[in-house]
Amino acid sequence: MLAAAVWLADLRRVRALHITAAPSASGMIIAKAAAQILRRHGLDFAMDMIRVVFRDETTHTETEIAAPAPTGGGRFLILEDIAISRSGSRVHCAVRLTRSGETLDGEATELDTEAGRARAAARATLAAAERAGDNLALGLEGSALLDLFGRRYIAASVEAAVDRRFATLAGLAPIDPARSAEEAACLAALRAIDRWIAW
């Protein structure tokens with residue numbers, strides 16, 4: 001995070017919160033962390049009051065995104081948080097998903113390379129998603145970093161099974177200034193399985 005400013009409507013209500021971050025930062029994680037701090041201090045706010053701007057110091061250009069919508073009820077899994085830790089040549093990824101107020105956690109460990117971090121994030125997402133239903137089994141068939149149309153993407157291929165019903169599913173998510181490769185891998189895995197587990 002490069003800078004932040006908060007405007008209050010009164011002593012207990014936020015009017016606006018603007019955050020400037022580096023292009024490599026995750027907008028979703030920054031917005032959620034800001035929301036946790038506001039809640040801890042007992043301030044009343046709505047998520048759409050939080051704005052994250054990404055500033056590229058080399059070109060002095062800015063990209064703005066809105067904060068993620070609240071994770072309310074619904075059939076689909078929503079990425080709540082992702083945490084990466086390193087130990088030697090390994091990287092450990094912990095992912096938290098939510099659905100209709102239910103929290104689902106998953107973890108995975110891989111080699112600490114760009115492809116390995118993406119695999120760890122996708123595998124942790126699938127481990128968390130498996131907790132969403134009985135007899136649900138999800139496995140990462142593979143993931144790939146792709147260059148398409150002048151942008152970078154992460155593709156995930158997922159093997160899924162419920163009881164004796166099997167499918168191979170695919171998802172794609174872009175890597176951009178508002179999204180790290182690990183976050184994109186989580187979203188690619190979720191996009192692959194969203195219709196499979198939406199009930």
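The values are calculated or read from the model by the stated rules, or taken from the named source; none is laboratory data. This structure is a prediction, so every number in the text was calculated from the model and none was measured. Methodologically, a virtual Cβ is constructed for each residue, glycine included, from the backbone with ideal geometry; neighbour enumeration extends over all protein chains shown.
Leu104 passes every criterion in (1) surrounded by 20 or more Cβ atoms within 10 Å (Cβ to Cβ); (2) among the hydrophobic types (A, V, I, L, M, F, W, C); (3) assigned to a strand (DSSP E or B) apart from (1). Scanning the range 176-193 for residues that are under 8 Å from the mean Cα position of the chain (by Cα) and not charged (D, E, K, R) yields Ala184, Cys186, Leu187.
For the range 154-180, the set of residues classified as surrounded by fewer than 18 Cβ atoms within 10 Å (Cβ to Cβ) and either over 24 Å from Lys32 (Cβ atoms) or at pLDDT 90 or above (or both) consists of Glu159, Ala161, Val162, Asp163, Arg164, Arg165, Phe166, Ala167, Thr168, Ala170, Leu172, Pro174, listed by residue number.
Checked against (1) touching an Asp or Glu at 6+ places or on another chain (Cβ under 6 Å); (2) of a type in the set (Gly, Ala, Ser); (3) not in a helix (DSSP H, G or I), Ala137 passes all but a single condition, namely (1).
Here is the figure for the range 81-121: residues that are farther than 16 Å from Ala185 by Cβ and β-branched (Val, Ile, Thr) total 2.
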